[in-house]
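Take a look at the structure set out below.
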Amino acid sequence: IFSNIPIIGPILVMFLSSPMRTKGYMSLYFKINHYDSKSIRKLSHRHYGQFVGFGITASFIESLPYLSLFGAVANQVGAALWAVDLIKKQK
């Protein structure tokens, strides 16, 4: 419904779906650390701004023609680096 609104709609959809996109990129980290859905939700609420920022950036890069091929790989690498940072902060 929101995507039918010119200019603002796609931006709003990108903003609202960005935390879910981030959870998708971070899924391997969650699986390795045996996170359940409650732990994932708690982590995503604690780092909500980072989840939104990462998701918006990932969505934007993947929406650009030709750059999306590089962007998909770069986003996965970025999520892995972020996971390493989270692991270091846990210790």
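Bear in mind that the values in this text are calculations on the coordinates, not laboratory data. Because the structure is predicted, anything quoted here is derived from the model rather than measured. Cβ coordinates were reconstructed from backbone atoms using ideal geometry, including for glycine residues, and neighbour counts include every protein chain displayed.
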* Asked: If you look at just the Cα atoms of the chain, how large are its Rg and its Dmax in Å?
  -> 14.1, 46
* Using a 10 Å cut-off on Cβ atoms, rank the peptides 61-68, 31-38 from the highest mean neighbour count down. => 61-68, 31-38
* Which Cα, out of 90, 4, 58, lies furthest along the positive dipole direction of the chain (beta carbon charges, K/R +1, D/E -1)? -> 90
* To do: Using Cα pairs closer than 8 Å and at least 6 residues apart in sequence, work out the relative contact order for the chain, in percent.
  => 31 percent
* Least to most buried among 91, 42 (fewest other Cβ within 10 Å first) -> 91, 42
* Structure fact -> With x for Gly and Pro, the residue-by-residue ³J(HN,Hα) of segment 42-53, computed from phi through the Karplus equation 6.51 cos²θ - 1.76 cosθ + 1.60 at θ = phi - 60° and given in whole Hz, is 5, 5, 5, 6, 5, 10, 4, x, 5, 5, 5, x
